Amino acid sequence: MTSRPDGRIVVGVDGSRLSRAAVRWAVRLAALTGGPLEAVAVWEFPLPQDEHGTVPPPLDGFESERHAARILDETLAAALSPGTAVRRLLPAGLPGPTLVAAARGATALVVGSRGRSAPPGAPLGSVALHCVDRAPCTVVVVRE
């Protein structure tokens with residue numbers, strides 16, 4: 001038996017121009033549907049390498065997580081009106097699978113068509129492609 005979507009609008013945030021456009025799109029969709037908005041900035045656990053291979057990261061901080069939090073805060077500040085409710089999520093993991101997991105039960109997942117690492121001219125980046133292929137809900141891909 002399939003459960004009904006819970007009304008959430010989930011949006012992926014990576015700081016790219018198209019990600020910022022996706023946030024604006026998701027804000028409008030949440031306002032139209034009355035659903036709660038969740039903004040997800042995925043960060044990857046740093047795996048430094050030396051001549052012996054991968055080594056454990058330093059325990060004194062997670063710069064990747066802080067960077068993702070800063071990008072999320074800046075993107076939301078630019079896109080939201082004061083008082084707009086949004087749930088901020090900062091999970092660690094691979095962006096595509098982590099966004100798909102965050103979208104379980106949601107009404108829609110909104111992503112930019114290409115993020116920061118997509119090759120120029122590519123119609124879809126790997127994260128958008130993964131989401132379109134595997135998300136358990138409607139996926140909105142915001143293009144240029």
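The values are calculated or read from the model by the stated rules, or taken from the named source; none is laboratory data. Since this is a predicted model, take the numbers as computed values, not measurements. Using ideal geometry, Cβ is built from the backbone for each residue, glycine included, and neighbour counts are taken over all protein chains shown.
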Q) Inside region 114-144, can you point out the residues that are over 16 Å from Ser19 (Cα atoms) and outside any loop (DSSP other than H, G, I, E, B)? A) Asp133, Arg134, Thr138
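Please tell me if Gly35 is in a loop (DSSP other than H, G, I, E, B), modelled with pLDDT of 90 or more and surrounded by 11 or more Cβ atoms within 10 Å (Cβ to Cβ).
Working: in a loop (DSSP other than H, G, I, E, B): yes; modelled with pLDDT of 90 or more: yes; surrounded by 11 or more Cβ atoms within 10 Å (Cβ to Cβ): yes.
Answer is yes for this residue.
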Q: Restrict the check to region 129-144 and report whether at least one residue is of a type outside the set (Ser, Thr, Tyr), in contact (Cβ under 8 Å) with a residue 24 or more places away in the chain and exposed (fewer than 14 other Cβ atoms within 10 Å of the Cβ).
A: yes
(Q) Quick check on my filter: what residues within region 88-113 are closer than 23 Å to Arg66 by Cα, hydroxyl-bearing (Ser, Thr, Tyr) and part of a loop (DSSP other than H, G, I, E, B)? (A) none
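Only one residue in Val27, Val86, Val100 is under 20 Å from Ser126 (Cβ atoms) and either basic (Lys, Arg) or modelled with pLDDT of 95 or more (or both). Which one?
Numbers: Val27 fails: under 20 Å from Ser126 (Cβ atoms); Val86 fails: under 20 Å from Ser126 (Cβ atoms).
Of the residues listed, the single one that is under 20 Å from Ser126 (Cβ atoms) and either basic (Lys, Arg) or modelled with pLDDT of 95 or more (or both) is Val100.
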**Q.** Complete set of residues in region 1-28 that are part of a helix (DSSP H, G or I) and either surrounded by 18 or more Cβ atoms within 10 Å (Cβ to Cβ) or in contact with a Leu (Cβ under 6 Å, 6 or more places away or on another chain) (or both)
**A.** Leu18, Ser19, Arg20, Ala22, Val23, Trp25, Ala26, Val27
Q. Only one residue in Glu44, Glu74, Glu63, Glu51 is surrounded by fewer than 14 Cβ atoms within 10 Å (Cβ to Cβ), closer than 30 Å to Glu144 by Cβ and at pLDDT below 95. Which one?
A. Glu44
